[in-house]
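Worksheet: one structure, shown below.
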Amino acid sequence: MNQTTKYCKESRVVKTSHVLPPDTNVHNTLFGGKLMAYVDDCASLSATRHARCPVVTASTDSVDFLSPIGMEDSVCLESFVTWTGRTSMEVFVKVIAENLMTGERRIAATSFLTFVALDEHKKPVQVPQVIPQTEEETKLNETAATRAAWRKQRREESRSLAEFLTTNKPW
């Protein structure tokens, strides 16, 4: 292996937090926005670890909330780079809720984000290719091209919509 390739595991980040009352909504579950901030933070650490330079979030495909996370739970995020383009990286984030009293763990959310690596002039810079090793990493790597095509189409649709939208004051 040379410096133009890295294993997925080299970008892996694991971050665990308590769910505290200020982090919850009226349902006593973790605010979706708080979880989204955790997701972006964790993913940006993985992207930076992979590229070893500054990165910016280019897109968030989605944050799929699968199970509420309550105050009896801890929230654990695992992220790693699953696929790379020339200057961009796809990062997968798996959110695991663990009931701290019973030890029961469940997938609470998943997310894919795209980051672009930047040089000192804030221009895109080439990133190392990624090599999957585990079954999970391989599956995510093999399905990444389809997600990249969806992203490209969605970005084109967003640009088209932005051309239609106005910046006029609504009042």
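Quick notes
- Residue exposure proxy: 165, 140, 45, ordered by other Cβ atoms within 10 angstrom of their Cβ from fewest to most, comes out as 165, 45, 140.
- Cβ-to-Cβ counts within 10 Å put 115, 92, 164 in ascending order as 164, 92, 115, the fewest first.
- Farthest toward the positive end of the dipole of the stretch 5-164, out of 144, 82, 121, is the Cα of 121, where the dipole comes from beta carbon charges about the Cα centre.
- For the stretch 79-157: rounded, prolate or oblate by the Cα gyration tensor [a/c cutoff 1.5]: prolate
- Likely footprinting exposure, 98, 137, 10, fewest C-beta neighbours within 10 Å first: 10, 98, 137
- Three-way shape label, the chain, alpha-carbon gyration tensor, a/c 1.5: oblate
- Only Lys, Arg, Asp and Glu carry charge here, each on its Cβ (+1 for the first two, -1 for the last two); on that basis the stretch 74-165 has a dipole of about 320 debye about its Cα centre.
- Sequence-distant contacts, meaning Cα pairs under 8 Å at least 6 residues apart, place the relative contact order of the chain at 25 percent.
- Dipole in debye (nearest 20) - the chain, about Cα centre, beta carbon charges: Lys, Arg +1; Asp, Glu -1: 580 debye
- Only helices enter the 222 nm calculation for the chain: every DSSP H run of n ≥ 4 contributes -39,500 (n - 2.57), and dividing by all residues gives -9500 deg cm²/dmol, rounded to 500.
- Highest mobility in the GNM of the chain, judged by mean-square fluctuation with C-alpha springs under 10 Å and restricted to 125, 75, 116, is found for 125.
- Positive-end residue, the stretch 5-164 charge dipole about Cα centroid, Cβ charges, pick of 133, 66, 107: 133
- Largest GNM mean-square fluctuation across 44, 79, 17, computed for the chain with C-alpha springs under 10 Å, falls on 17.
Rule-based calculations on the coordinates, nothing more; no lab input. Predicted model, so just to flag it, every value in this text is computed and none were measured. Methodologically, a virtual Cβ is constructed for each residue, glycine included, from the backbone with ideal geometry; neighbour enumeration extends over all protein chains shown.
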